[in-house]
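The values are calculated or read from the model by the stated rules, or taken from the named source; none is laboratory data. Just so it is clear, the structure is predicted and the values come from calculations on it, not from any experiment. Here the Cβ is made from the backbone with ideal geometry for all residues, glycine too, and neighbour counts use every protein chain on show.
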Amino acid sequence: MVRKKILTSAFSNLYTDQRIEKVCQTLHENGYEVELIGNNWGGEEQMQRPYQFVRIRMVSKTLKTAYFEFNWKLYQELKKKADKNTILHANDLDALLPNYLLSKKLNIPLVFDSHEIFSEMPAVQGKMSQKLWRYLQNKIVPHLKFMITASGSYAKWFQNKYGVKPVVVQNAPRKINFSFEIPNNNPKILLYQGAINPFRGIDKAVLAMHHVENVIFKIAGDGPKKKEYQDLVLKESLQNKVVFLGKLLPEDLRKITLTADVGMSIEENGGESYEFSLPNKVLDCIQARVPLILSPLPEMINIKKQFNVGEIIENHQPENIASSINLILNKGRKNYQPELQKASNILCWENEEVKLLGVFEKASTRF
């Protein structure tokens, strides 16, 4: 069977989006002709991919107008490239409308990948834009035939609200052949990796450094809260215990993750998108065989129940965060290895991509 062409689109500069990179790579390796469409909002770093990609040039100065501009230009781009042999693949709600309109116009399949519950993210809560995103979601999602999402809790949320049944494709990394000698770090390393956004527990972890000894807290990433948290470090005189590494390429981040003694994913309940998330960093640390301190949120509790890969914090008080860090350090990274090994064999992209390919196979044959 001749594979269909897939037009994958996202409001992203594509550079550090690991989920989109893995999805496109898998589809490309399995015979699909993939073209990836993003934009240059937030940067236009050089990158190489084995499939075609294009970045829509943006002139907007604010995110609010950028969404409108991107959706209009994305529709024009898709209209030029799509035909009857195309599958449209929209990543998140901010790229869904033009894909949906064109799929209806041309009667071609659309696969929607909801990385999160976009309309319930902290960044849009209480704003006029939230009403617009909810309106779009309510109008489009109930009519989707093919949908994937990143956690079981997200899938239940969409099913309960809209009656759809998304396929869960977790954003797990590819398997690492782990032959790495666990370092005897002095001081020990606590690692946060990801966007420096609100509700990630980063500021609470900074304050927790007052209650741990011989530990350095490394923060790998960038985002709107970076300056505020840097100022907090200065205010608390913790410059010797907290280091900001900046935004790193995925391959460089993987190398740093391997060296950590403790990872952290202590998201706060900043709305349903955070409450039901399974953050990438959890799966990245598991694959790197690094134990984690985890939030008492559904997906992380579920991981902990299956595999003893770390400790659940009691709450976000700095003393309690420090207590969980110390518990892991006292046990030692080596003592978590059997459970991390078991988890890494199950929570890997090699298992997730089978489900992904099944969705695109159905989309190919039902139209």
Only residues that are touching a residue at least 12 places away in the same chain (Cβ under 8 Å) and either surrounded by fewer than 19 Cβ atoms within 10 Å (Cβ to Cβ) or assigned to a helix (DSSP H, G or I) (or both): list them for region 285-306, please.
Cys285, Ile286, Gln287, Pro296, Pro298, Glu299, Met300, Asn302, Ile303, Gln306
Flag if Val243 is in contact with a strand residue (DSSP E or B) (Cβ under 9 Å, 6 or more places away or on another chain) and more than 29 Å from Pro298 (Cα to Cα)
yes
Condition check: touching a strand residue (DSSP E or B) at 6+ places or on another chain (Cβ under 9 Å), of a type outside the set (Ser, Thr, Tyr), at pLDDT 95 or above and in the same structural domain as Asn302 (by TED's automatic domain parsing). Does Ile140 satisfy that?
no
Kindly indicate whether Ile196 is in contact with a Gly (Cβ under 6 Å, 6 or more places away or on another chain) and without any contact (Cβ under 8 Å) to a residue 40 or more places away in the chain.
yes
Conditions: (1) under 28 Å from Thr365 (Cα atoms); (2) modelled with pLDDT of 95 or more. Glu116 meets all but one. Number of the miss?
(2)
Given (1) small (Gly, Ala, Ser); (2) out of contact with any Phe, Trp or Tyr (no Cβ under 7 Å at 6 or more places or on another chain); (3) at pLDDT 95 or above, number of the condition Ala205 does not satisfy:
(2)
Can you list the helices (runs of 4 or more DSSP H) found entirely within region 183-266 that contain at least 2 residues being buried (at least 21 other Cβ atoms within 10 Å of the Cβ) and in contact with a helix residue (DSSP H, G or I) (Cβ under 6 Å, 6 or more places away or on another chain)?
202-208
Which residue, of Leu356, Leu340, is in contact (Cβ under 8 Å) with a residue 60 or more places away in the chain and surrounded by 16 or more Cβ atoms within 10 Å (Cβ to Cβ)?
Leu356
What single numbered condition from (1) buried (at least 16 other Cβ atoms within 10 Å of the Cβ); (2) touching a residue at least 60 places away in the same chain (Cβ under 8 Å); (3) of a type outside the set (Asp, Glu) fails to hold for Met58?
(2)
Mind checking whether some residue in region 97-107 is surrounded by fewer than 20 Cβ atoms within 10 Å (Cβ to Cβ) and more than 20 Å from Lys4 (Cβ to Cβ)?
yes
Given Glu213, Glu272, which one is more than 16 Å from the chain's Cα centre (by Cα) and either modelled with pLDDT of 95 or more or among the acidic types (Asp, Glu) (or both)?
Glu213
Residue hits (region 205-247; touching a residue at least 40 places away in the same chain (Cβ under 8 Å) and farther than 26 Å from Ser323 by Cβ) are Lys247
Could you grab me the full set of residues in region 74-124 that are over 30 Å from Gly270 (Cα atoms) and free of Cβ contacts under 8 Å to residues at least 24 places away in the same chain?
Gln76, Lys79, Lys80, Ser103, Lys104, Lys105
With over 21 Å from Val169 (Cβ atoms) and at pLDDT below 95 as the only criterion, which of Lys81, Lys73, Lys104, Lys61 stands out?
Lys61
Considering Leu97, Leu101, which residue is among the hydrophobic types (A, V, I, L, M, F, W, C) and farther than 23 Å from Arg19 by Cα?
Leu101
Within region 163-185, track down each residue that is touching a residue at least 24 places away in the same chain (Cβ under 8 Å) and farther than 19 Å from Arg289 by Cα.
Pro166, Val167, Val168, Val169
Which condition number does Ala195 fail, the rest of (1) modelled with pLDDT of 95 or more; (2) in contact with a Pro (Cβ under 9 Å, 6 or more places away or on another chain); (3) closer than 18 Å to Asp252 by Cβ being met?
(1)
When region 267-280 is examined, which residues are found to be of a type outside the set (A, V, I, L, M, F, W, C) and either crowded, with 22+ Cβ neighbours inside 10 Å or more than 18 Å from Pro198 (Cα to Cα) (or both)?
Glu267, Ser273, Tyr274, Ser277, Pro279
With respect to the numbered conditions (1) touching a helix residue (DSSP H, G or I) at 6+ places or on another chain (Cβ under 6 Å); (2) part of a helix (DSSP H, G or I); (3) of a type outside the set (Asp, Glu), which one is the sole condition not fulfilled by Val164?
(2)
The lone condition Glu319 fails out of (1) farther than 17 Å from Phe217 by Cβ; (2) assigned to a helix (DSSP H, G or I); (3) charged (D, E, K, R); (4) touching a helix residue (DSSP H, G or I) at 6+ places or on another chain (Cβ under 6 Å) is (1)
